[in-house]
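Comments concern the structure below.
The values are calculated or read from the model by the stated rules, or taken from the named source; none is laboratory data. Values in this document were obtained by computation on a predicted structure and should not be read as measured data. Note: ideal-geometry Cβ built from the backbone for every residue, glycine included; neighbour counts use all protein chains shown. These accessible areas exclude ligands, DNA and RNA; they are computed on the full protein's heavy atoms, side chains included. Shrake-Rupley method; radii C 1.70, N 1.55, O 1.52, S 1.80 Å.
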Amino acid sequence: MKKILSYCLLASTVVGFAACGNANKSEGSSADSTGTSASSSASSLNQLTNDPKGTPLHFYFNMNEVGQTDSSVVYDAKSLYNNDTVGFKLEVLKNIEAGITAQNTPDNDKGFRVGSLRISSLGPVSDNFMKAVGDLYGMQAGGPMTDKAISPMVFSSNNEPVDLSKSKSYNFKLFFEQANGERAEFFAVVDNYKKSFELTEKDSTFRSAFFNALTGK
């Protein structure tokens, strides 16, 4: 119960982010956050980050649909770090409810859900991602990505239900659990027009926790 209440309190911090994100939803935007047009990003991978020393650090992935289940859409999320392809499998549920009410306040009953977005390993490509994260964070490699699906607590920072059949972008707040210590807080964007997935740390203090969550520690 204590953990649920803490999530609810944290939801109030994402309303401003959600408002900006919903205002930026578009079916006609021509450039992604790395400045590359949607047409060119479909034919080549973008760099994982444009600012390796940035705070907060922002990760960008090209998103390619590879399948569907009855309840979810599955994507390969990939980008480049130097000359290496990095990334992971991203699974997004189809029936994610709005987490922001018409009054622009968090809906703590409908907004939170474990595993609305799930990350899992693509083998060597994901191990490359872990090496890239370790390099960017200035941390020693802590092993490959866990072979278990990573299912963070997700808050839907959207004022409408997520519809993955539409060319829109949707915003989320992710809480990655590690075995011991505080959860890592990240913002995520699933953009179905630009076919991109973005992850941005809330701040640099969550880097170790994020690394541990991805390695299963």
Taking the Cβ of LEU57 as the center, what net charge do the other residues with Cβ under 15 Å away carry, scoring Lys and Arg +1 and Asp and Glu -1?
-3
Apportionment of accessible area to carbon and sulfur, region 152-217, percent (1.4 Å)
44
To the nearest Å², the heavy-atom accessible area per residue of region 112-162 with 1.4 Å probe amounts to 43
Which percent of the accessible heavy-atom area of region 58-104 goes to carbon and sulfur, probe 1.4 angstrom?
39
If you roll a 1.4 Å probe over the heavy atoms of the protein chains, what accessible area per residue do you get for region 166-217, in Å²?
34
Consider a paramagnetic label point 7 Å from the Cα of ASP203 along Cα→Cβ; state which residues of region 55-83 have an amide N under 15 Å from it.
55-57
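In the structure displayed, which of LYS110/LYS148; LYS131/LYS166; LYS53/LYS148 lie more than 32 Å apart, Cα to Cα? Mind dumping the intermediate values first?
Working: LYS110/LYS148 26 Å; LYS131/LYS166 34 Å; LYS53/LYS148 30 Å.
Flagged as over cut-off: LYS131/LYS166.
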